[in-house]
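**Q** Please see the structure below; I have some questions.
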Amino acid sequence: MLPTLKKKKEDPRVTRTRHMLEQSFLALVDETGFDALSVQEITDHAGINRATFYAHFPDKYALLDHSIRMQFAQELEARTLNVCTFSMGNLRALIQTVGEFTLEAGANCKVHSQQFEGVMESQIIDQVQELIENWLIKMQAEGDLPAEVDVHLSTVATSWAIYGLAQHWRQDKKRPPSGDFADQVLPMMAVNLGIRQAVNG
């Protein structure tokens, strides 16, 4: 569930502690990489004891998952994509957001690991899928999307495609600006979703 789509009430102290751990984790993982980072280093940097860490996260893998989930959710929230309805312009903005987020994450983390990449992949794909699925369910209910379109399957295919193309763009040494990338990908994603609107926002 996207944290920005449905927020649960949480003790402010819990939120504050998790935020401190998240910030310490992000600062340290950029320097040392995920594999070499220990829970002790995270807690020392945050000024929190190990028992408090384990009260919030079972291990550093859970903290990695939480950190990437929250960072990407905040990107969606900053662009108000989490509360808007479908439009070609919003789909384009989502594609651009995924590209820019993966590029920045790759640039900030000096030492990557398969674990880091795997969690980033699953968190982005899951949130993109949920967001688009919410858009399309509403469209279908209002009669703006044909009933025969399988919303779930089309959003699964589209979320994977957006992420995969974003990774391809990120690794391209001659990559175009993120806006141009989004313009190139948008028509393909509209076809995946069964949308026949003109690509004009």
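**Q** Considering each residue of the range 145-165, count those that are buried (at least 17 other Cβ atoms within 10 Å of the Cβ) and not in a helix (DSSP H, G or I), and give that number.
**A** Summing the residues that are buried (at least 17 other Cβ atoms within 10 Å of the Cβ) and not in a helix (DSSP H, G or I) in the range 145-165 gives 1.
**Q** Give the residue that is nearest to Asp35 (Cα to Cα), with candidates limited to residues of the range 45-77 that are loosely packed, with under 15 Cβ neighbours inside 10 Å and aromatic (Phe, Trp, Tyr).
**A** Tyr61
**Q** Moving on to the next point. Taking Glu142 and the conditions (1) in contact (Cβ under 8 Å) with a residue 40 or more places away in the chain; (2) surrounded by fewer than 19 Cβ atoms within 10 Å (Cβ to Cβ), which numbered condition does it fall short on, given that it satisfies the others?
**A** (1)
Yes/no matrix, rows are residues, columns are (1) at pLDDT 90 or above; (2) assigned to a helix (DSSP H, G or I):
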residue: Ile48; (1), (2): yes, no
residue: Ala55; (1), (2): yes, yes
residue: Tyr61; (1), (2): yes, yes
residue: His66; (1), (2): yes, yes
residue: Met70; (1), (2): yes, yes
residue: Thr85; (1), (2): no, no
residue: Ile95; (1), (2): yes, yes
residue: Val98; (1), (2): yes, yes
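**Q** Yes or no: Ile125 under 30 Å from Gly33 (Cα atoms), touching a Ser or Thr at 6+ places or on another chain (Cβ under 7 Å) and part of a helix (DSSP H, G or I)?
**A** yes
**Q** Next question. May I ask you to list the residues in the range 164-174 that are over 15 Å from the mean Cα position of the chain (by Cα) and modelled with pLDDT of 95 or more?
**A** Within the range 164-174, His168, Trp169 meet the criteria.
**Q** Determine whether the range 167-179 contains at least one residue that is among the acidic types (Asp, Glu), in the same structural domain as Ala105 (by TED's automatic domain parsing) and surrounded by 12 or more Cβ atoms within 10 Å (Cβ to Cβ). It would help to see each step written out before you state the result.
**A** As a first pass, look at the range 167-179 and keep what is among the acidic types (Asp, Glu): 172.
Filter once more, keeping what is in the same structural domain as Ala105 (by TED's automatic domain parsing): 172.
Those still in the list that are surrounded by 12 or more Cβ atoms within 10 Å (Cβ to Cβ) too: none.
Checked the range 167-179: no residue is among the acidic types (Asp, Glu), in the same structural domain as Ala105 (by TED's automatic domain parsing) and surrounded by 12 or more Cβ atoms within 10 Å (Cβ to Cβ).
**Q** Just checking, which of Leu91, Leu26 is at pLDDT below 90 and touching a helix residue (DSSP H, G or I) at 6+ places or on another chain (Cβ under 8 Å)? If you could, list the steps in order and put the result at the bottom.
**A** Values: Leu91 fails: at pLDDT below 90.
Within the list Leu91, Leu26, the selection yields Leu26.
**Q** Would you mention how many residues in the range 46-93 are touching a residue at least 60 places away in the same chain (Cβ under 8 Å) and of a type outside the set (A, V, I, L, M, F, W, C)?
**A** Residues meeting the conditions: 7.
**Q** For Gln115, which of the numbered conditions (1) within 16 Å of Ala73 (Cα to Cα); (2) touching a residue at least 60 places away in the same chain (Cβ under 8 Å) fails to hold?
**A** Answer for Gln115: the failing condition is (1).
**Q** State which residue is nearest to Glu121 (Cα to Cα) when the search covers only the range 28-44 and only residues that are surrounded by fewer than 17 Cβ atoms within 10 Å (Cβ to Cβ) and of a type in the set (Ser, Thr, Tyr).
**A** Among them, the one singled out is Thr32.
**Q** Moving on to the next point. I'm checking my understanding of the structure. Among residues of the range 146-163 that are more than 13 Å from the chain's Cα centre (by Cα) and small (Gly, Ala, Ser), which one is farthest from Ile125 (Cα to Cα)?
**A** Ala147
The values are calculated or read from the model by the stated rules, or taken from the named source; none is laboratory data. Predicted model, so just to flag it, every value in this text is computed and none were measured. Glycine also receives a Cβ, built like all others from the backbone with ideal geometry; neighbour counts cover every protein chain displayed.
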